[in-house]
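K.L.:
Got a structure here, written out as structure tokens. Questions coming.
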Amino acid sequence: MAAAATVERDQEIRSFDDQKTAAIIDAARKTFLARGFDAASMDQIALTAGVSKRTVYNRFRSKEELFGAAIEETCRRLLPVDTSDIEASLPPRELVLALGRQVVAGILTPERLSLRRIAAFEAERTPSIGQNYLAHGPQWIIDQCKPILKRIADKGVLDISDHETAIWHLGALISEPLHTQMMLGDIPDDLDAAIETQVVAGVDAFFKIYGKA
């Protein structure tokens with residue numbers, strides 16, 4: 001009984017800690033969006049999260065590390081937690097289309113565009129911030145998608161020797177030029193239609209490049 005109570009108490013503590021960490025990351029994201037990286041402070045992030053500054057530093061050693069955590073958390077929302085059901089129910093091209101639509105719609109939200117602008121602006125003065133964004137943003141998405149693409153290729157429909165490079169190619173094909181246009185303030189009147197056109201054309205091009213004859 002005592003052992004069970006101890007395990008339950010430990011689980012409650014971990015859950016509480018996870019809630020605090022989530023609150024800190026959410027507060028950081030809001031603060032970076034509102035103030036930019038340079039003007040955001042750990043004090044303000046702690047205040048927004050409703051925790052002490054010490055609690056923030058117990059979990060994140062620096063503002064840069066917290067920025068990376070905020071970027072990665074926004075990226076986690078771009079992909080399904082478990083793609084196994086989707087992979088089992090859709091043929092390869094339809095699977096790539098479905099995931100492509102979700103990712104592109106996600107990266108083109110005002111919040112994610114703003115976070116990328118912040119990283120790009122700060123990277124000139126502090127390259128580590130840009131590198132941090134790259135590692136926790138685009139590279140994180142690439143790392144999550146590589147196994148999915150490999151499983152698709154293993155079905156015999158794609159001829160790919162370098163899955164990471166192929167994912168970068170796919171990302172560019174399904175997002176450009178729409179992503180660059182929106183980064184620079186050129187927002188289409190019908191964003192959903194623009195995303196659909198971009199993603200379908202990009203996936204078609206990808207399967208022409210990598211598809212097996």
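K.L.:
Less than 19 Å apart at the alpha-carbon level, and either on another chain or at least 8 residues along: which lysines does that give for LYS30?
P.N.:
In chain and number order, the partners are LYS20, LYS53, LYS63.
K.L.:
With labels modelled as points extended 7 Å from the Cα through the Cβ direction, what inter-label distance (nm, one decimal) is found for SER161 paired with ASP186?
P.N.:
3.6
K.L.:
In debye, nearest 20, what is the charge dipole magnitude of the chain about its Cα centre with +1 on Lys and Arg Cβ and -1 on Asp and Glu Cβ, if you could check? Let's see the in-between values first.
P.N.:
Details: 25 positive and 31 negative charges, 103 e Å.
Around 500 debye, computed over the chain.
K.L.:
So how much slack lies between ASP38 and ILE86, counting 0.36 nm per residue of separation and subtracting their Cα-Cα distance, in nm?
P.N.:
Working: separation 48, 0.36 × 48 = 17.28 nm, distance 4.08 nm.
Taking 0.36 nm per residue and subtracting the Cα distance, the gain is 13.2 nm.
K.L.:
Related question: Given a cut-off of under 8 Å on Cα pairs at least six residues apart, what relative contact order in percent is computed for the chain? Write down the numbers at each step before the final one.
P.N.:
On the way: 173 pairs, mean separation 40.7, N = 213.
Reported as a whole number, the value is 19 percent.
K.L.:
Still on this structure: Of the options TYR210, ILE167, SER41, report the single residue whose Cα projects farthest towards the positive end of the charge dipole of the chain (beta-carbon charges: Lys, Arg +1; Asp, Glu -1).
P.N.:
Positive-end residue among those listed: SER41.
K.L.:
Also, I was wondering about something else. Share of Cα-Cα pairs in region 11-139 beyond 20 Å, in percent? Intermediate values should be presented prior to the final figure.
P.N.:
On the way: 4175 of 8256 pairs.
Considering region 11-139, 51 percent of its Cα-Cα pairs are separated by more than 20 Å.
K.L.:
Right, another one. In deg cm²/dmol and to the nearest 500, what is the mean residue ellipticity at 222 nm of the chain if only DSSP H runs of at least 4 residues count, each as -39500 (n - 2.57), divided by the residue total?
P.N.:
-26000 deg cm²/dmol, from helical runs alone.
K.L.:
Right, next: Which value, to two decimals, describes the C-alpha radius of gyration of region 91-154 once divided by 2.2 N^0.38 Å?
P.N.:
Values: Rg = 14.4 Å, N = 64, 2.2 N^0.38 = 10.7 Å.
Expressed relative to 2.2 N^0.38 Å, the Cα Rg reads 1.35.
K.L.:
Please list, by residue number, every one of the trypsin sites (Lys or Arg not before Pro) in region 57-147 that is coil in DSSP and has at most 13 other beta-carbon atoms within 10 Å. Before the final figure, lay out each step's value.
P.N.:
Working: sites: ARG59, ARG61, LYS63, ARG76, ARG77, ARG93, ARG101, ARG112, ARG116, ARG117, ARG125; in loops: ARG61, ARG77.
Sites meeting the loop and neighbour criteria: ARG61, ARG77.
Here, each number is a calculation from the coordinates, and none is a lab measurement. For clarity, every value in this text was computed on a predicted model and none was experimentally measured. As a convention, Cβ positions derive from the backbone with ideal geometry for all residues, glycine included, and neighbour counts pool all protein chains shown.
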